[in-house]
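Engineer: Before anything else, here's the structure in question.
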Amino acid sequence: MRRLGLLAAAGTVALGLGLAVPARALIVFDPNNYVQNVLTAARELQQINNQIVSLQNEAQMLINQARNLASLPYSSLQQLQSSIQRTQQLLAQAQRIAYDVQQIDRAFSTSYAPANGSQSNQALITNAQSRWQNSVAALQDALRVQAGVVANLDTNRVQTSALVTSSQGASGALQATQAGNQLLALQAQQLGDLTAAVAAQGRAQSFESAQRAVAQDQGREQLRRFLTPGQGYQSQDVRMFH
């Protein structure tokens, strides 16, 4: 009986202590508030992810812009200029009658002028020799220019290969454009070589044609003098006009 009394007293004390705990110390779970907090955190996390993606896109855009503005590391300008200069030097070294309008006009007013009765026999012979020398020199000049053009072919081959490789490996728009421009410059240089070769060959052919035309005209004058008593032509003089 005494033990039962002690247990009853302890229970009474415990109940009294429980009733003495303040209401604010109790933890209350609010499902609605919890859901709202989770949704808010999720939205904030999504905004952060969107900002990260935006920054990544901007960084990639800057990288692409840098690539597009990067210059082509290879340049064929110096080699192209050297090839052009070699061809120009060969043209400038033209013998006797150069690629000059005034020199050509003077030559066709003297050595290539139509024969007339006032010219001496020696003048006709001298002009015939000069025309022959002009033709030989022009043929040599044409061959030299053609040799120079052929020598440029190997350089052009190397430059074409390098530029095509650079164009295919271009990392941006600027590099691709620069490679394309250099390829166009190379083509222009090749066209220049072709023009020079054609011009040199045409010059030689023109001198040869002019020599034959004037020889026919002076041949008639030579024949007239040969048939005219007292002109004093010798057989070797006759051969100089042909």
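Engineer: Taking 35 Å as R0, compute the FRET efficiency from the Cβ-Cβ separation of Q95 and Q168 and round it to 0.05.
Structural biologist: 0.15
Engineer: Moving to a separate point now. 5 Å is the cut-off here: which amide hydrogens, built 1.01 Å from N in the peptide plane, fall below it relative to S111, excluding neighbours closer than 5 in sequence?
Structural biologist: Amide H neighbours of S111: none.
Engineer: Further question: Extension gain A113-T195, at 0.36 nm per residue separation less the Cα-Cα distance, in nm?
Structural biologist: Working it through step by step, the gained length comes to 26.6 nm.
Engineer: Could I ask something else about it? Under the Karplus relation 6.51 cos²θ - 1.76 cosθ + 1.60, θ = phi - 60°, what is the ordered set of whole-Hz ³J(HN,Hα) values for segment 102-115, x standing for Gly and Pro?
Structural biologist: Coupling constants for segment 102-115: 5, 5, 5, 4, 5, 5, 7, 9, 10, 4, 9, 6, x, 5 Hz.
Engineer: Sticking with this structure for a sec: Count the net charge of all other residues whose Cβ sits under 12 Å from the Cβ of D141, scoring Lys and Arg as +1 and Asp and Glu as -1.
Structural biologist: Summing Lys/Arg as +1 and Asp/Glu as -1 gives +3.
Engineer: Return, ordered by residue number, the residues of segment 170-186 whose backbone nitrogen is under 17 Å from a label point located 7 Å along Cα→Cβ of S82.
Structural biologist: So the set is 186.
Engineer: For segment 80-134 and segment 145-173, what is the separation of their Cα centres, given in Å?
Structural biologist: Between the Cα centre of segment 80-134 and that of segment 145-173, the gap is 36 Å.
Where a number appears in this text, it was derived from the coordinates with a stated rule and is not lab data. The model shown is predicted, which means the values in this text are computed figures rather than measured ones. Backbone-built Cβ (ideal geometry, glycine too); neighbour counts: all protein chains shown.
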